[in-house]
Amino acid sequence: MSEEDQAQPAPPEPTVPPTTDSRALSRHAAVLRVQQALDEQAASARMLALPEPARSAQAAAAQLDVEVGQIASSLLFRAYGLDGRDHPLLVLTSDAHRVDPVKLGVLLDLDHLELMDAESVRRITGFAIGGVAPVGSLTPVATVVDVALSRYAQVWAAGGHPRIVFATSYDELLRITAGQAAEVA
């Protein structure tokens with residue numbers, strides 16, 4: 001090998017395009033974690049691969065042909081207690097409205113709430129934004145479930161990947177997350 005060859009940096013690794021194969025998606029590590037958590041909770045939830053990534057509730061609702069209110073959006077907050085300590089708080093909200101952090105803070109006896117950035121969400125949950133599941137998080141996370149989701153016989157939550165969702169009921173969502181029911185808006 002010549003000195004010139006040694007000085008050349010190695011070519012970059014080829015990027016792998018996102019898969020459209022739903023079998024491959026079902027073997028994704030985060031999706032498997034969610035499925036395991038659902039199985040451990042004896043959930044009746046069924047996983048479904050969407051044709052396109054759904055990085056918003058509106059995109060998921062359009063692909064599922066359901067009302068946007070049936071989508072249980074996962075929002076991760078840093079919750080600051082009155083003692084100054086903080087912890088992650090997952091809020092599963094009907095996307096028919098927005099979370100009122102002040103109202104929720106008062107309800108939960110918190111000093112305040114701050115929405116977490118994407119990097120913190122991934123570090124704590126192991127999920128990318130758009131695929132944050134209500135179960136299967138890398139770190140145990142206290143969960144609040146929006147009572148507005150109870151208006152629907154079926155709700156949809158992310159399954160660990162922006163193309164994977166699962167259908168469940170409000171009551172089951174409360175049970176499998178050990179969540180606290182609350183008015184969040």
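The values are calculated or read from the model by the stated rules, or taken from the named source; none is laboratory data. Given the structure is predicted, the values throughout are model-derived calculations rather than measurements. All Cβ positions, even for glycine, are placed from backbone atoms using ideal geometry, and neighbour counts span all protein chains on display. Note: accessible area is taken over every heavy atom of the protein model, side chains too, but ligands, DNA and RNA are not part of it. Shrake-Rupley method; radii C 1.70, N 1.55, O 1.52, S 1.80 Å.
Structure remark: mean-square fluctuation, Gaussian network model of the chain, C-alpha springs under 10 Å; the largest value among 81, 160, 131 belongs to 81. Near residue 168: Cβ cut-off under 11 Å, other residues only, Lys/Arg at +1 and Asp/Glu at -1. The net charge is 0.
What is the sum of charges around residue 48, taking Lys and Arg as +1, Asp and Glu as -1, for the other residues whose C-beta is under 14 Å from the C-beta of residue 48? Write out the running numbers ahead of the final one.
Working: positive: 23, 46, 163; negative: 52, 65.
Its environment carries a net charge of +1.
Largest GNM mean-square fluctuation across 139, 93, 168, computed for the chain with C-alpha springs under 10 Å, falls on 139. Kirkwood Rh and Cα-based Rg: tell me the resulting Rg over Rh for the chain, rounded to two decimals. Result for the chain is an Rg/Rh of 1.09. Normalising the average separation of contacting C-alpha pairs (under 8 angstrom, six or more residues apart) by the number of residues puts the relative contact order of the chain at 25 percent.
Of the solvent-accessible surface of the chain, computed with a 1.4 Å probe and all protein chains present, 52% belongs to carbon and sulfur.
Rounded to the nearest 500 deg cm²/dmol, what is the calculated helix-only ellipticity per residue at 222 nm for the chain, with -39500 (n - 2.57) per DSSP H run of length n ≥ 4?
Details: 7 runs with 53 residues, N = 185.
Only helices count here, giving -7500 deg cm²/dmol.
For residue 112, the residues whose amide H sits under 5 Å from its own are 80, ignoring neighbours fewer than 5 places away on the same chain, with H placed 1.01 Å from N.
From the largest down, the range 79-158 spans 39, 27, 18 angstrom on the principal axes of its Cα atoms. Highest mobility in the GNM of the chain, judged by mean-square fluctuation with C-alpha springs under 10 Å and restricted to 31, 106, 68, is found for 106.
So what is the relative contact order of the range 40-120, in percent, for Cα pairs below 8 Å that sit 6 or more residues apart? About 25 percent, as a whole number. Placing unit charges on the Cβ atoms only, positive for Lys and Arg and negative for Asp and Glu, gives the chain a dipole magnitude near 520 debye about its Cα centre. Take the chain and mark each of the trypsin sites (Lys or Arg not before Pro) that is in a DSSP loop with at most 15 other Cβ atoms within 10 Å; the longest unmarked stretch, sites excluded, is 99-185.
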